[in-house]
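The values are calculated or read from the model by the stated rules, or taken from the named source; none is laboratory data. What you are looking at is a predicted structure, and each value in this text was computed from that prediction instead of being measured. So basically every Cβ, Gly included, is an ideal-geometry build from the backbone, and we count neighbours across all protein chains shown. Each accessible area value is taken on the protein alone, full model and side chains, heavy atoms only, with ligands, DNA and RNA left out. Shrake-Rupley method; radii C 1.70, N 1.55, O 1.52, S 1.80 Å.
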Amino acid sequence: MSQWYTVAGKDDIKPGRGLQVSLEGRVLALFNIDGKFYAIDDTCTHAGGSLAEGAVAGTVVTCPWHGATFDIVTGAALTDPAYEGVKSYSVKVEGSDVLIEI
């Protein structure tokens with residue numbers, strides 16, 4: 001059964017940026033895209049770079065290690081060298097808290 005967890009305050013992540021969060025043994029990348037929040041697994045499927053540390057353009061994040069890109073909304077891999085996407089998670093805001101469902 002899934003559960004919601006508070007992982008950050010909505011002011012902790014500036015628009016167009018990512019934040020690495022740890023939750024129940026998982027490392028996730030939480031993004032603020034124009035005030036809407038999204039979460040995906042943080043680890044690039046190509047070589048393990050942190051997606052939370054990647055450059056964000058619209059709803060695309062670029063892995064800082066080798067340049068693979070991922071859709072922040074769906075987790076889909078968009079360009080080489082990554083061929084496999086990452087898991088995406090449901091996110092909601094309650095008051096000033098950002099929650100992720102796992």
Original post:
In region 1-36, which residues are assigned to a strand (DSSP E or B) and farther than 15 Å from residue 87 by Cα?
Top reply: 4, 5, 6, 7, 8, 9, 17, 18, 19, 32, 33, 36
Original post:
Checking residue 49 against (1) under 18 Å from residue 91 (Cα atoms); (2) open to solvent by less than 40 Å² (accessible area, probe 1.4 Å), which single condition isn't satisfied?
Top reply: (1)
Subject >> Considering residues of region 22-46 that are within 17 Å of residue 99 (Cβ to Cβ) and free of Cβ contacts under 8 Å to residues at least 12 places away in the same chain only, the residue surrounded by the most Cβ atoms within 10 Å (Cβ to Cβ) >> reply: 36
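Can we say residue 34 is on the phi > 0 side of the Ramachandran plot and among the charged types (D, E, K, R)? It would help to see each step written out before you state the result.
Working: on the phi > 0 side of the Ramachandran plot: yes; among the charged types (D, E, K, R): yes.
Answer is yes for this residue.
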Subject >> Filtered residues of region 44-67 (kept if farther than 28 Å from residue 3 by Cβ and touching a Phe, Trp or Tyr at 6+ places or on another chain (Cβ under 9 Å)) >> reply: 46, 47, 49, 60, 62, 63
**OP:** Restricting attention to strands (runs of 3 or more DSSP E) lying wholly within region 55-102, give those where 2 or more residues are open to solvent by 60 Å² or more (accessible area, probe 1.4 Å).
**Re:** 55-57, 88-94
